[in-house]
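What follows draws every value from the coordinates through simple rules; no lab data is involved. No experiment lies behind these values; they were computed from the predicted model shown. Cβ coordinates were reconstructed from backbone atoms using ideal geometry, including for glycine residues, and neighbour counts include every protein chain displayed.
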Amino acid sequence: MRRRAFLTALGLGTIAWPQAARAQQPKRMYRIIWMSTEAQPDPFVDGFREGMLALGYIEGRDFVIELRYAHGNPDALRTAVADLVRAKPDLVVSSGPAIRAMREAKDVPVVFAISGDPIEFGIAKTLARPGANFTGSTFLSLDLAAKRVELIKEALPSLRRLAIFSNAQHPGEGSELKATLQAAQAAGVTPHYVPFKGPGEFDQALAALKALRADAMLTFPDGVTMVHRAKIGQFAAANALPSMFGWREYCDAGGLMSYGANQRAAHVRLATFADRVLRGEKPGDIPIEQPSRFELVVNLKTAKALGVTLAQNLLVRADVVLE
């Protein structure tokens, strides 16, 4: 149930869509490689296709997308990178942690949507002028980290012990953790940091999280937790643990609440980066964008299963309520 009407470009500014197809169509077929660690069907590639269509690009006439997947394992994509670069595609679009596989690829333009800090990750010198062959969107926002603590505390006024579940290898995680710890202290909540380093430590960290017996959990959004969102949702349900996340997809998988940018809209927006690169601009000259619009999502079905009664003023403020 939607509470507000959102712009198509939710989370990443406004797209000036043309009223009709682009006046000057591409003179050749562009080859675009889509790299992802998501499960298939990928929830975001169709958003990118939607954005390309809105800009006048017809798939099969103006461009083709070749899909490269390695569910939950970005390292598996690395073996394909050398062959991919030699094939010289016009563009690579990298969704989430798949960007790790492209980090060493210097001779192909890459457009990305990631949750981490592209500067710390080493693929950009600054957000305003990335400087290399990468550009796109980053969802990292320290203001959001604090806001998520405030929202879970509002949902659970008696909250005292908050587990913070996080991939310690996520670029920018240190800054996000610091902002979260400060917000927890300000809210009178005791934070308990439960880190893991990559997929190999994920199950072990969940076991530590269970032993903690916290009142609620807050999961940092990143590629690993995103790929395993269904498992996290099942864990939270099995342990009667209210949960806070960064994106709606976690709530679709059973999480209680999320606050952050709309991921599908962000991938629609990636088409504008692709268009600029295909028209000849260098990725390093195209500024990396950050979210400017956010959505609060509440899973009312999960709340009822947990026996959590959410205040009416919180439900009214929610942009999406899943029932």
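Remark: the Cα gyration tensor places segment 156-262 in the rounded category, a/c being less than 1.5. About the centre of its Cα atoms, the chain shows a dipole size close to 260 debye [charges on the beta carbon of Lys, Arg (+1) and Asp, Glu (-1) only; nearest 20 debye]. Using a cutoff of 8 angstrom between alpha carbon atoms and counting only pairs six or more residues apart, the relative contact order for the chain works out to 23 percent.
Once the Cα gyration tensor of segment 56-197 is found, what semi-axes does its equivalent ellipsoid get, as square roots of 5 times the eigenvalues, in whole Å, sorted largest first? Each step should come with its number before you reach the end.
Values: eigenvalues 266, 47, 44 Å².
Each semi-axis is the square root of five times an eigenvalue, giving 36, 15, 15 Å.
For segment 183-228, the calculated P(r) over all alpha carbon pairs, in 5 Å bins from 0 to the bin holding the longest distance, is 5, 17, 29, 23, 16, 9, 1 percent.
At 222 nm, what helix-only mean residue ellipticity would the chain give, in deg cm²/dmol to the nearest 500, using -39500 (n - 2.57) for each DSSP H run of four or more? Spell out each step's value before the answer.
Values: 13 runs with 119 residues, N = 323.
The per-residue figure over the chain is -10500 deg cm²/dmol.
Using +1 at the C-beta of Lys and Arg and -1 at the C-beta of Asp and Glu, which of S95, Y30, V298 has the Cα lying farthest in the positive direction of the dipole of the chain? About the Cα centre, the residue reaching furthest to the positive side is V298.
Rg and Dmax over the alpha-carbon atoms of segment 78-154 stand at 15.2, 53 Å. Computed over segment 217-282, the range of Cα coordinates on each principal axis works out to 52, 18, 15 Å, biggest value leading.
Structural size metrics of segment 201-323, computed from C-alpha coordinates, are Rg and Dmax of 17.4, 55 Å. Over segment 144-187, the fraction of Cα-Cα pairs per 10 Å bin, rounded to whole percents and listed from the shortest bin up, is 28, 55, 17, 1.
The GNM of the chain, with springs linking C-alpha atoms under 10 angstrom apart, assigns the highest mean-square fluctuation among A211, A132, A274 to A211. Overall shape of segment 248-315 was characterised from the C-alpha gyration tensor. The equivalent ellipsoid obtained from it has semi-axes of 37, 11, 7 Å, in decreasing order.
For the chain, the alpha-carbon coordinates run over 62, 40, 33 Å along the three principal axes, in decreasing order.
By the count of other C-beta atoms within 10 Å, a proxy for reagent exposure, E176, E154 are ordered fewest to most as E154, E176.
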